[in-house]
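The values are calculated or read from the model by the stated rules, or taken from the named source; none is laboratory data. Since the model is a prediction, treat every value here as computed from it, not as a measurement. Please note: Cβ atoms are built from the backbone with ideal geometry, for glycine as well, and neighbour counts cover all protein chains shown.
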Amino acid sequence: MSPARWGHQLRPPLVGGPHADHDGGGRDCRVVLARCLAAHSSHEEAFAQYTEARYERCRLVVESSVQIGEYEMDPSRHPDFDHAGLTQHVLETMVQPM
């Protein structure tokens, strides 16, 4: 996953994130971006706020997906892995308002 400060000065921010398939096509991302753009006169400030607002949620999904993938490829290497617990944690986090 790219660092939070990935250089939006030269390109638009990513809208949708790693969970776009599961949240209505990134609807919450578009809402957050619209709020950030409305709150700032500078695109630079708006994109910085957008990055800050979205980054940790996206990181959670990416890192959890990697953990689940590693477990599914070889469950014997991860005998104490709580697949259902991790999935539940991610789902509970993703339904929280931004």
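Brief remarks follow.
- Of the helices (runs of 4 or more DSSP H) lying entirely inside the range 3-98, those containing at least 1 residues that are modelled with pLDDT of 75 or more, among the basic types (Lys, Arg) and out of contact with any Asp or Glu (no Cβ under 9 Å at 6 or more places or on another chain) are 27-39, 43-73.
- Entry remark, the range 38-57: residues being within 15 Å of the chain's Cα centre (by Cα) and of a type in the set (S, T, N, Q) number 2 in total.
- Output for the range 45-87, where each listed residue is surrounded by fewer than 13 Cβ atoms within 10 Å (Cβ to Cβ) and over 28 Å from Leu33 (Cβ atoms): Gly69, Glu72, Met73, Asp74, Pro75, Ser76, Arg77, Pro79, Asp80, Asp82, Ala84, Gly85
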